[in-house]
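Notes for the one structure printed next.
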Amino acid sequence: MVKQNRSRIWAVPAALAALAAAGPALAEKYIPTTDLIRDPAAGWNHLWNEVLTDITIMGVIFAVVLAILIFKYRRRPGVEGGGAPQLSTGAAIAWSVIPAFIFLADDFFVAANGWQLWNMQRTVPADRLEVKLESGMYSWDYTYPNGVHTQNELLVPAGKPVLLRMTSRDTIHNHYMPDFKIKEDSMPGRITYLWFYPQKPGKHLVTCNEYCGIMHSYMSGQVVVLPPEEYNAWYQKEGDKLKQAAAPAATPAAAPAPAPQENKPA
């Protein structure tokens, strides 16, 4: 009877260890690719779902095991205490080490995938649109390569990565785009950057995620993702307006001066 109990005690942590060992096989399946550009936002979504799934599975398993042990070795009528068997040294070590190993293995798995995503997030694709951003109390000011300026509205083409080179004219702000799972501080005297991958037309919230002053909550904007042809038409039109405004006004030609008259002697 004692041997049977011991074998059951060993079987549960061994099964849990086997379940944890199967996890890393999914490590490379969570980062979708589109035209060879890996989208970190999709990876963060998948990793978060995997964290919730892992926590749920392990929590349910340990709750069930605990409930079984409590019920099986409960105090019975007429008995002073419960009747749990005496664990051997090996079984006691197994019940301590194997569950801890399962938790640590899952933590290392999630951490490794998180670092992989972080490295991807800091590696900017070569084919990109680059926009300068100056943040300030309380607005986002975007400047495009052709000099076009927008405020609190970043227009970008669908299907092309966008890089923001950021600075601040007053204090620390944080350019946060929830739909793209990305945020980064902008600060005076330093240039920081972030990039994101808008894949289809739509509008996305931009907000400041760093308390920057009394009107911090009003510092919001939006990313407007346009179809490529619509974006190109807007970009060209605004660029032409900027050139016309910067061109010097044509001045009328001056009238020719009258020829000097000769003073003839009388």
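For Met215, what accessible area in Å² do you get when you roll a 1.4 Å probe over the heavy atoms of the protein chains, rounding to the nearest 10?
Accessible area of Met215: about 90 Å².
Looking at region 68-165, which trypsin sites (Lys or Arg not before Pro) are in a loop (DSSP not H, G, I, E or B) and have at most 15 other Cβ atoms within 10 Å?
Arg74, Arg75, Arg122, Arg128
Which entries of Lys132/Lys237; Lys132/Lys160; Lys183/Lys237 show an alpha-carbon separation above 22 angstrom in the structure shown? Working shown, then result.
Values: Lys132/Lys237 19 Å; Lys132/Lys160 16 Å; Lys183/Lys237 30 Å.
Cα-Cα > 22 Å for Lys183/Lys237; rest within.
Give me the percent of accessible area attributable to carbon and sulfur for region 153-257, probe 1.4 angstrom. Write down the numbers at each step before the final one.
Details: 3400 of 6050 Å².
Of the solvent-accessible surface of region 153-257, carbon and sulfur hold 56 percent.
May I ask you to evaluate 6.51 cos²θ - 1.76 cosθ + 1.60, the Karplus curve with θ = phi - 60°, for each residue of region 212-229 and list the ³J(HN,Hα) values in order in whole Hz, giving x for glycine and proline?
For region 212-229, the Karplus-derived couplings read 10, x, 5, 9, 3, 5, 8, 7, 9, x, 8, 9, 9, 8, 10, x, x, 5 Hz, x marking Gly and Pro.
In whole Hz, what ³J(HN,Hα) sequence does region 199-211 give by Karplus (6.51, -1.76, 1.60; θ = phi - 60°), x for Gly and Pro?
So the J values, rounded to whole Hz, are 9, 8, x, x, 10, 9, 6, 10, 9, 8, 9, 10, 4.
The values are calculated or read from the model by the stated rules, or taken from the named source; none is laboratory data. On a predicted model such as this, the values are computed, not experimentally measured, just so you know. Please note: Cβ atoms are built from the backbone with ideal geometry, for glycine as well, and neighbour counts cover all protein chains shown. Surface areas here come from the heavy atoms of the whole protein model, side chains and all, with no ligands, DNA or RNA. Shrake-Rupley method; radii C 1.70, N 1.55, O 1.52, S 1.80 Å.
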